[in-house]
1. What number, rounded to the nearest 500 deg cm²/dmol, is the helix-based mean residue ellipticity at 222 nm of the chain, given -39500 (n - 2.57) per DSSP H run of at least four residues and division by all its residues?
2. Sorted by packing (mean other beta-carbon atoms within 10 Å per residue), highest first, where do 12-20, 132-140, 57-65 land?
3. State the percentage of accessible surface on the chain attributable to carbon and sulfur atoms; use a 1.4 Å probe and exclude ligands, DNA and RNA.
4. Express as a percent, rounded to the nearest 5, the fraction of DSSP beta bridges in segment 15-114 (both residues included) that run antiparallel.
5. At a Cα cut-off below 14 Å, give the aspartates and glutamates reachable from Lys48, other chains included and same-chain residues fewer than 8 away excluded.
6. Using a probe radius of 1.4 Å on heavy atoms only, what accessible surface per residue do you get for segment 60-104? Whole Å² is fine.
7. Take Lys23 and Thr90, extend 7 Å from each Cα along the Cα→Cβ direction, and tell me the distance between the two endpoints in nm.
8. Report the full-extension gain for the segment Val137 to Leu30: residue separation times 0.36 nm, less the Cα-Cα distance, to one decimal in nm.
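The values are calculated or read from the model by the stated rules, or taken from the named source; none is laboratory data. Bear in mind that the values here come from a model prediction, so they are computed numbers and not experimental data. All Cβ positions, glycine included, derive from the backbone under ideal geometry; neighbour counts span all protein chains shown. When the accessible area is computed, the model is the full protein with side chains, heavy atoms only, and any ligands, DNA or RNA have been set aside. Shrake-Rupley method; radii C 1.70, N 1.55, O 1.52, S 1.80 Å.
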Amino acid sequence: MKKKYAIACDHGGYDLKEDLKEKFRSIEWLDLGCDSRDSVDYPDYAAKMIKAIEGGMVERGILICGTGIGLSIAANRSLKVRAALCTNVTMARLTRQHNDANVLTLGARITGAEAAFDIVETFMNTEFEGGRHIARVEKLGKE
Ligand code: RB5
């Protein structure tokens, strides 16, 4: 079965979003926009990702803005989202193993496309370790 990921960006992440869809063709992408380089507001796209995760349309997602920071801040307002801004593969591996991150955030003005491809591949292929991390992750989802 194809892995399904939601993907969303603002104008700063539009090109990398298109590159990722092209690079990872075996993924079933739920593209939540934006759809061009025209200026948009990143909180609107974090809200779309939150809706997709909270609504059960997807279990995982990728968000891309210029730095990755604005979308991380906005997406993590949901208790169902654990969005991790990663700038290297070690962060991508550890956030899956320890935080069970369900959303990867990338900064397209910080991380080049080739590095982003490696980060995405690592994020997609690393499992949560469980064990001592379970109770910690559960605490993140509480009011
Ligand atoms: C847009 O110019 C930029 O502010 C946005 O992509 C992001 O970096 C915000 O955190």
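1. Rounded to the nearest 500, the figure is -13000 deg cm²/dmol.
2. My ranking of the peptides, most packed first, is 57-65, 12-20, 132-140.
3. Carbon and sulfur together cover 48 percent of it.
4. Percentage antiparallel, nearest 5: 0.
5. Asp10, Asp31, Asp35, Glu59
6. It amounts to 38 Å² per residue over segment 60-104.
7. Once both label points are built, they end up 2.0 nm from each other.
8. The span from Val137 to Leu30 would gain 36.0 nm if fully extended.
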